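What follows is one structure encoded as structure tokens, with my remarks underneath.
Read the figures in this text as sums done on the coordinates, not as results from a lab. Quick caveat, the model's predicted, so the values are computed rather than measured. Here Cβ is always computed from backbone atoms with ideal geometry, including for glycine, and neighbour counts include all displayed protein chains.
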Amino acid sequence: MEISFKSKRILVTGAGKGIGRELAKRFASLGAEVVAVSRSKDGLDSLSAEVKTIKSIAVDLADWDATRAAIQSAGPIDCLVNNAAHASLESFLDVKPESIDKSFAVNVKAVINVSQVVAEGMIKRKSGGSIVNISSQASQAALADHTVYCATKGALDMVSRVMALELGPHNIRVNCVNPTVVLTDMGRLGWSKPEKAGPMLAKIPLGRFAEVHEVVDAVVYLLSDKASMINGVTLPIDGGFLAT
């Protein structure tokens, strides 16, 4: 199946590293004009040096007004991937108010904020569009020490469904992908110890964690015209974790 994003402008948040970085590179390789957004200017600079056609915007997505201005400055966007996320891992009894505020600011509020700006432009231009939000298996399965993270991803799933409902009449599709542990550089480091990885792997029928390209492949498909009738889904990329 051949997918092309020629003549498309795609904005990816959290593009300085990990999944977001690989998404930005893949979209560029498929002909898109990519706008990469991240809080880390260093990450964006190295990405732009690696793929010179990628444009970058450095902004803290937790800052509502600064984010809104930054996304508006990006110009018209045809496709959006809300990938940026914050994780604060604490047991339920240790959850602190600042953990709640920071996580919801990035994982939920920023998605709403960025998507509002992008969708308003799509509606004004009557161009339609596609949005993919990066959620998690943690939206549907309770994970120890993930109280706030699970809550934000559960909220993101429902925000995405309402977006699909309300934006669908404007020919704007909105979908989620919900990965298990993904072996980014950080994922490999965080899940390298057998005593931590073992219990999680035991719940995955395929017996392994996800590779970055497996998430990227799914996002590329959902964002593309090949998925033109897919709207409002939450797609697990979890090797069967949620099936058990």
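Pairs of Cα atoms nearer than 8 Å and 6+ residues apart set the relative contact order; for the range 67-216 it is 24 percent. Placing one equal scatterer on every Cα of the chain and applying the Debye formula, the log10 ratio I(q)/I(0) at q = 0.09, 0.16, 0.17 Å⁻¹ is -0.36, -1.19, -1.35.
Between the amide H of Gly129 and those of Ile172, Arg173, distances stay under 5 Å, these residues lying 5 or more places away or on another chain, with hydrogens modeled in the peptide plane. When the Cα atoms of the range 63-180 are aligned to their principal axes, the ranges along those axes come out at 48, 28, 19 Å in descending order. In sequence order, the range 131-139 has phi-based couplings of 10, 10, 9, 8, 9, 6, 4, 5, 6 Hz under the Karplus curve 6.51 cos²θ - 1.76 cosθ + 1.60, θ = phi - 60°, and Gly or Pro positions carry x.
When the pairs Lys41/Lys96; Lys109/Lys153; Lys8/Lys52; Lys96/Lys196 are compared against a 20 Å limit on Cα-Cα distance, Lys41/Lys96; Lys96/Lys196 fall above it. Across all directions, the average projected area of the convex hull around the alpha carbons of the range 185-244 is 5.0 nm². Loop-resident GluC sites (Glu not before Pro) (DSSP state other than H, G, I, E or B) in the range 187-238 with no more than 12 further Cβ atoms inside 10 Å of their Cβ are absent. In units of the rule-of-thumb radius 2.2 N^0.38 Å, the range 1-136 shows an alpha carbon radius of gyration of 1.07.
Between the range 126-145 and the range 195-244, how far is it from one alpha carbon centroid to the other, in angstrom? Using only Cα atoms to place each centre, the spacing works out to 11 Å. Estimated from helices alone, the mean residue ellipticity of the chain at 222 nm is -13000 deg cm²/dmol (sum of -39500 (n - 2.57) over DSSP H runs with n ≥ 4, per residue). Pairs of C-alpha atoms in the range 32-79 farther apart than 16 Å represent 39 percent of all such pairs.
Expressed in Å, the radius of gyration and Dmax of the Cα atoms of the range 131-244 are 14.8, 49. Partners of Lys193 within straight-line reach, counting lysines whose Cα lies under 21 Å from its Cα and excluding those fewer than 8 residues away in the same chain: Lys203.
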